[in-house]
Amino acid sequence: MIQSLFDQAGIPEGKAILVHARLRGLHQRTGLPYHVLAEQILNGLLSCRPSLLLIPAFTIYSFMAIRIFNLSYAHSEVGRFSEEMRRRGFPRTPDPMYSMLDVLGKLPPGLDYSQTFGPGTLFDFFRQLDGIIVNVDMQAFYATPLHGVELEHGVPYRFTMVFDGHMQERDEPWKRVSYTAYVRKVSSYGTGSYPPYNQQRRLIYLRSQGVIAESRNKAGTLAWAPASSFCSAIDAALGRDKTFLVDQVCR
C-alpha cells in the first residue's frame, strides 16, 4: 500500500528529493513493523528515480545542549524513519545540527556545512535544483527550506546564533567547529522551540494556493511540492504578515 501512494502521487522522475516521513500512523493502520515500513518508503522514493535523495538526520537540540556531534553515532532527532535510515550507514553530511543522509551519494563536494542557510550551503543548492519536498504521512506539510524564506524576511521570532563545539567524523580526531544556525528560542527543558508553528493554517494555505499534490489510501497519505512553488507561496504569505506561520510572537 505504501508503493501505491507513490504511484498515485505523480512525483516527477529525475528530480532531487527531500523527504520528511512519519512511521507511527502507518504502523498503527497497517500493523507492519517500523523497519518494514521504512524499507517500503525508501523503495517508493527510489521508484521516483531521483537524481538526489536527502533524508534529514538532524541533531539540533543535542548539539545546542552538549555541543558535540559524532557523525557516525549521533542519533537522529527527526523520528523513527530517519533513525532507521541512519542505521543503514548511508553517507551523512558533516553538519552538526542539520545533517542529511545522502542516500545516493550524489551531493557535490565543497558545500558549506558551517551554516544552515546562505550561499554555498546544502539548502541553497537544493533550491537551485528546484528539488521536490515529499511528506509521507505527516500531520501537516513540513519543509526545512521554509526557514530559509523566513531568514530572507527577517521574521521576528527567529535569530542567527553561533554555536561553538566539537565534531568527530568517523575515526578522525575531534575538531572544533563553529556553526551558524537560524533558530527560535528553546524551552527551558531543551525539548522544543517557541513560538509554535501553526501547522494547520500553513497546510490550508498551501492547499488553497495549489502548491501541494496529495495521494491517500488506507495506509496513509503522501504530499509533495516543488521547492520553488513552496518557497514562493511562503514568500508571499510572509510578505503580507511576517508572523503568518506562528501562533504568537514573544517579543
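Output the strands (runs of 3 or more DSSP E) that fall wholly within the range 1-71 and possess 1 or more residues being open to solvent by 10 Å² or more (accessible area, probe 1.4 Å), of a type in the set (Val, Ile, Thr) and in contact with a His (Cβ under 6 Å, 6 or more places away or on another chain), or say none. Walk me through how you get there before you give the answer.
On the way: elements: 16-21, 52-56, 68-70.
Filter on the range 1-71 gives 68-70.
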Seminar exercise, completed: Checked the range 128-147 for anything open to solvent by less than 20 Å² (accessible area, probe 1.4 Å) and out of contact with any strand residue (DSSP E or B) (no Cβ under 8 Å at 6 or more places or on another chain); matches are ALA140, LEU146
Exercise. Got a number for residues in the range 228-251 being in a helix (DSSP H, G or I) and open to solvent by 30 Å² or more (accessible area, probe 1.4 Å)?
Worked result: 7
Seminar exercise, completed: When the range 204-227 is checked residue by residue, the ones that are loosely packed, with under 15 Cβ neighbours inside 10 Å and of a type in the set (S, T, N, Q) are SER208, ASN217
Seminar exercise, completed: Within the range 33-51, residues being polar (S, T, N, Q), touching a residue at least 40 places away in the same chain (Cβ under 8 Å) and farther than 14 Å from ALA9 by Cα number 2
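If we keep just the residues of the range 148-163 that are among the aromatic types (Phe, Trp, Tyr) and surrounded by fewer than 19 Cβ atoms within 10 Å (Cβ to Cβ), which is farthest from SER99 (Cα to Cα)?
Among those residues, the one meeting the criterion is PHE159.
If you go through the range 78-103, how many residues are surrounded by fewer than 19 Cβ atoms within 10 Å (Cβ to Cβ) and out of contact with any helix residue (DSSP H, G or I) (no Cβ under 6 Å at 6 or more places or on another chain)? Outline the logic, then answer.
Restricting attention to the range 78-103, the residues satisfying the condition of being surrounded by fewer than 19 Cβ atoms within 10 Å (Cβ to Cβ) are 79-80, 83, 87-91, 93-94, 102.
Applying the additional criterion that residues be out of contact with any helix residue (DSSP H, G or I) (no Cβ under 6 Å at 6 or more places or on another chain) yields 79, 83, 87-91, 93-94, 102.
Number of matching residues: 10.
Among the residues of the range 75-118, write down those that are among the hydrophobic types (A, V, I, L, M, F, W, C), within 24 Å of PRO33 (Cβ to Cβ) and not in a loop (DSSP other than H, G, I, E, B). Before the answer, list the steps.
Our first condition is that a residue be among the hydrophobic types (A, V, I, L, M, F, W, C); within the range 75-118, this holds for 78, 81, 85, 90, 97, 100-101, 103-104, 107, 111, 117.
The next check asks that each one be within 24 Å of PRO33 (Cβ to Cβ); those that pass are 78, 81, 85, 90, 101, 103.
PHE81, MET85, LEU101 - these are the residues of the range 75-118 that are among the hydrophobic types (A, V, I, L, M, F, W, C), within 24 Å of PRO33 (Cβ to Cβ) and not in a loop (DSSP other than H, G, I, E, B).
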Exercise. Does VAL186 count as open to solvent by 40 Å² or more (accessible area, probe 1.4 Å) and either over 17 Å from the mean Cα position of the chain (by Cα) or of a type in the set (S, T, N, Q) (or both)?
Worked result: yes
Exercise. Is there any pair linking a residue in the range 3-32 that is under 11 Å from PHE81 (Cβ atoms) to one that is hydroxyl-bearing (Ser, Thr, Tyr) and open to solvent by 10 Å² or more (accessible area, probe 1.4 Å), with Cβ under 7 Å and at least six apart or on different chains, and which?
Worked result: HIS20/TYR142; LEU23/TYR34; HIS27/TYR34
Seminar exercise, completed: Apart from one, (1) within 30 Å of ASN70 (Cα to Cα); (2) surrounded by 17 or more Cβ atoms within 10 Å (Cβ to Cβ); (3) at pLDDT 95 or above all hold for ARG176; the odd one out is (2)
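The values are calculated or read from the model by the stated rules, or taken from the named source; none is laboratory data. Note that this is a predicted model, so its numbers are computed, not measured. Please note: Cβ atoms are built from the backbone with ideal geometry, for glycine as well, and neighbour counts cover all protein chains shown. Surface areas here come from the heavy atoms of the whole protein model, side chains and all, with no ligands, DNA or RNA. Shrake-Rupley method; radii C 1.70, N 1.55, O 1.52, S 1.80 Å.
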